[in-house]
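A.B. asks: Dropping the structure in here first, questions after.
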Amino acid sequence: MDIYLPIAAVSLDVFVLLVLGGAVGFLSGVFGVGGGFLLTPFLIFIGVPHAVAVASSANQLVGASVSGALAHWRRGNVDLQMGLVLLVGGFAGSAVGVWIFAMLRRIGQVELAVSLSYALLLGTLGILMLVESSRAIIRGRRLGASRRKLHQHTWLHGLPLKMRFRRSKLYISALLPLALGFLVGILSAIMGVGGGFVMVPAMIYMLGMPTAMVPGTSLFQIIFVAASVTVLQAIENGTVDIVLALVLLVGGVIGAQLGTRFGQRLRGEQLRALLAVVVLAVAGKLLFDLTVTPEDLFSLAISE
Amino acid sequence: MKRWLLATLCLASLATPAAAAEPLIADLTSHLIAITTGFTGTNVVLFGSTDGAGDIIVVVRGPERDTIVRRKSRVAGLWINKRQVTFTSVPSYYAVFSSRPLAEIAPPSVQALHQIGLTNLHLGVLERKRSPDDVANFRAALIRDRQRDGLFGDTVGRVNFLGDRLFRATITFPANVPTGTYLVEIFLVRDKGVVTGQTTPLVVSQAGIDAEINEFAGRWAFFYGVVAVVGAAMAGWLASLPFRNA
């Protein structure tokens, strides 16, 4: 059954959208990443204009992350204080990001910027995570349940403006989560993603948060960053398709709940290894697409 | 609708004395295409009559927009949008119909004059420093892309004559038809020349809830954004309720 999307101005099959939303929601529940990094490329693939796909994914993310964050909240896995600090950075970042996005759209380089930054970022992160988590798995097998330090301290943690985060058992500089939030806010706006795939590894490795607290806290702050991106995109670019976002959500929220349940059964390092594999696969695909000769070298855009 | 159409056709053919002054009369079954949530494309029938033998050519043009065509080039192993040509006043939809093969009815000069056929479409170019070869390549790419989307006709459609004087043609619009005011030009051709022509408008617009959403999004962008966010958040909250105690 086809449904006409008013802002995207195309007709698409409802069931395709529901399944797509569900699959992405499941990932979001398992890893605490929004799944936008998969959703946006898929939407473009099935014929949604690039700019609309980016903006509507952000809108869909609001709902998906509310649903996911609530599930984690009930288990006490959200560090509210950390989330709020990340958020302050996130709001500033998303404003800058929406502005950059509008500029890229004018010069016709949105696709390149999105794909390239994705591929580089995901590739680096994926490799780092895979190495770390496989080491952890091997170590765990060899030594059984040996205790190790809560987290490693680096010079980054010693920056000024130190703050105590009780739930995460951390005493680190507030500049760190602020900067992380800012960076993720920019990504959110340019790529239509919550930035969870950057946020989650960075929270584990850069901030040193306990793995259990990471998905919930990440989803918590994604809610608000995605919300601000949605409003800014609506004003700046007029590309938020509310119908598309809601259809994706129906599938997405159910997937997210199931995913959260599934994620609870996995151990921390297994979760990280699995996420690393997903991240690397997406990076590989994006790089491949940029280098393979396109079917049609020409593309069209309506000038404004 | 059908009965009305038939009645109109009969009237048109019966009223020969009156129609004698009018060599060409034509109209559409509908002047409005309403795009609603379930829209998957539609057909509009053009019908009319002539005051005697002759051929009919129909040209349908969608609203014109400036369109940028970009070409990817390989830079350091990556395919990147590099050069671009901006074509001015490109119709967003274009289709030609005729009662016999164009070449048999009208010489190239007549086709060019009335912009009949994709090769005769007048497209301006914004950039000054572009070689004719370049422009031709980019123009071909533009046409190819529109044809792939079903917005430019691949071939010349048929105008069917019922007897000598009554004719009809079926114009097809795909699901992705752009909104705006379309012009349907009907030419009566005799002895390799256009005797007379008629132009009739056709409006494609969003209707119902879609039109309202679009208008709201355009006029109240901020509130639209807020509504989108609140709606999504509510949906997320509602969906998590059944799982609360699990």
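The values are calculated or read from the model by the stated rules, or taken from the named source; none is laboratory data. Keep in mind that what you see is a predicted model, and the values were worked out from it rather than measured. With ideal geometry, Cβ positions are generated from the backbone for all residues, glycine too; neighbour counts draw on all protein chains shown.
A.B. asks: Looking at (1) within 11 Å of chain B (Cβ to nearest Cβ); (2) on the phi > 0 side of the Ramachandran plot, which one does A:G208 not meet, given that it meets all the others?
C.D. replies: (1)
A.B. asks: Are any residues in segment B:63-72 more than 8 Å from every other protein chain (Cβ to nearest Cβ) and part of a strand (DSSP E or B), and if so, which ones?
C.D. replies: Result: B:E64, single match.
A.B. asks: Name the single residue, out of those in segment B:132-148 being within 14 Å of chain A (Cβ to nearest Cβ) and surrounded by fewer than 16 Cβ atoms within 10 Å (Cβ to Cβ), that is modelled with the lowest pLDDT. Break it down into steps so the answer makes sense when it comes.
C.D. replies: Taking segment B:132-148 as the starting set, the residues that turn out to be within 14 Å of chain A (Cβ to nearest Cβ) are B:134-148.
Subsequent filtering for residues that are surrounded by fewer than 16 Cβ atoms within 10 Å (Cβ to Cβ) retains B:134, B:136, B:140, B:144, B:147-148.
On the way: B:D134: 84, B:A136: 89, B:A140: 91, B:R144: 91, B:Q147: 92, B:R148: 88.
Here the answer is B:D134.
A.B. asks: Out of everything in segment A:95-126 that is among the hydroxyl-bearing types (S, T, Y) and away from chain B (no Cβ under 11 Å), what residue ends up being surrounded by the most Cβ atoms within 10 Å (Cβ to Cβ)?
C.D. replies: Top of the filtered list is A:Y118.
This table checks each residue for (1) surrounded by fewer than 24 Cβ atoms within 10 Å (Cβ to Cβ); (2) closer than 26 Å to B:A221 by Cα; (3) in contact with a Leu (Cβ under 8 Å, 6 or more places away or on another chain).
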site	(1), (2), (3)
A:M203	no, no, yes
A:A226	no, yes, yes
A:I242	no, yes, no
A:L258	yes, no, no
A:R261	yes, no, no
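A.B. asks: For segment B:98-146, which residues satisfy the criterion of being of a type in the set (S, T, Y) and farther than 14 Å from B:V194 by Cβ?
C.D. replies: B:T119, B:S131
A.B. asks: From the list B:F173, B:F167, B:F152, which residue is of a type in the set (A, V, I, L, M, F, W, C), crowded, with 16+ Cβ neighbours inside 10 Å, touching a Phe, Trp or Tyr at 6+ places or on another chain (Cβ under 8 Å) and over 21 Å from B:P101 (Cβ atoms)?
C.D. replies: So the residue among B:F173, B:F167, B:F152 that is of a type in the set (A, V, I, L, M, F, W, C), crowded, with 16+ Cβ neighbours inside 10 Å, touching a Phe, Trp or Tyr at 6+ places or on another chain (Cβ under 8 Å) and over 21 Å from B:P101 (Cβ atoms) is B:F173.
A.B. asks: Of all residues in segment A:34-64, which are farther than 14 Å from A:L249 by Cα and out of contact with any Ser or Thr (no Cβ under 7 Å at 6 or more places or on another chain)?
C.D. replies: A:F37, A:L38, A:P41, A:F42, A:I44, A:F45, A:I46, A:G47, A:V48, A:P49, A:H50 - these are the residues of segment A:34-64 that are farther than 14 Å from A:L249 by Cα and out of contact with any Ser or Thr (no Cβ under 7 Å at 6 or more places or on another chain).
A.B. asks: Please determine whether any residue of segment A:233-249 is at pLDDT 80 or above and under 17 Å from A:V30 (Cβ atoms).
C.D. replies: No, segment A:233-249 contains no residue that is at pLDDT 80 or above and under 17 Å from A:V30 (Cβ atoms).
A.B. asks: Kindly provide the set of residues from segment B:67-87 that are over 11 Å from B:F138 (Cα atoms) and of a type outside the set (V, I, T), ordered by number.
C.D. replies: The answer is B:K72, B:S73, B:R74, B:A76, B:G77, B:L78, B:W79, B:N81, B:K82.
A.B. asks: So which residues in segment B:188-242 are facing another protein chain (nearest Cβ under 10 Å) and of a type in the set (S, T, Y), if there are any at all?
C.D. replies: Scanning segment B:188-242 gives B:Y224, B:S240.
A.B. asks: Hey, can you tell me all the residues within segment B:21-40 that are surrounded by fewer than 18 Cβ atoms within 10 Å (Cβ to Cβ) and at the interface with chain A (Cβ under 8 Å from one of its Cβ atoms)?
C.D. replies: Residues satisfying the conditions are B:T36, B:T37, B:G38, B:T40.
A.B. asks: Inside segment A:44-89, can you point out the residues that are within 18 Å of the chain's Cα centre (by Cα), in contact (Cβ under 8 Å) with a residue 60 or more places away in the chain and over 25 Å from A:I204 (Cβ atoms)?
C.D. replies: The answer is A:H50, A:A51, A:V52, A:A53, A:V54, A:A55, A:S56, A:N59, A:Q60, A:G63.
A.B. asks: Considering only residues that are out of contact with any Pro (no Cβ under 8 Å at 6 or more places or on another chain) and at pLDDT 90 or above, look in segment B:175-190 and name the one that is farthest from B:A34 (Cα to Cα).
C.D. replies: B:R190
A.B. asks: Here's another thing I want to ask about it. Among (1) closer than 17 Å to B:V96 by Cβ; (2) more than 10 Å from chain A (Cβ to nearest Cβ); (3) loosely packed, with under 15 Cβ neighbours inside 10 Å, there is one condition B:E185 misses while meeting the rest; what is its number?
C.D. replies: Result: B:E185 fails condition (3) only.
Residue-wise test of (1) modelled with pLDDT of 90 or more; (2) within 13 Å of chain A (Cβ to nearest Cβ).
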position: B:R61; (1), (2): yes, no
position: B:I80; (1), (2): no, yes
position: B:V96; (1), (2): yes, no
position: B:A103; (1), (2): no, no
position: B:K129; (1), (2): no, no
position: B:G150; (1), (2): no, yes
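Every residue, every condition in (1) polar (S, T, N, Q); (2) more than 8 Å from every other protein chain (Cβ to nearest Cβ); (3) in a helix (DSSP H, G or I), yes or no:
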| residue | (1), (2), (3) |
| --- | --- |
| A:T217 | yes, yes, yes |
| A:T230 | yes, no, yes |
| A:V243 | no, no, yes |
| A:L246 | no, no, yes |
| A:G259 | no, yes, yes |
| A:V282 | no, yes, yes |
| A:F288 | no, yes, yes |
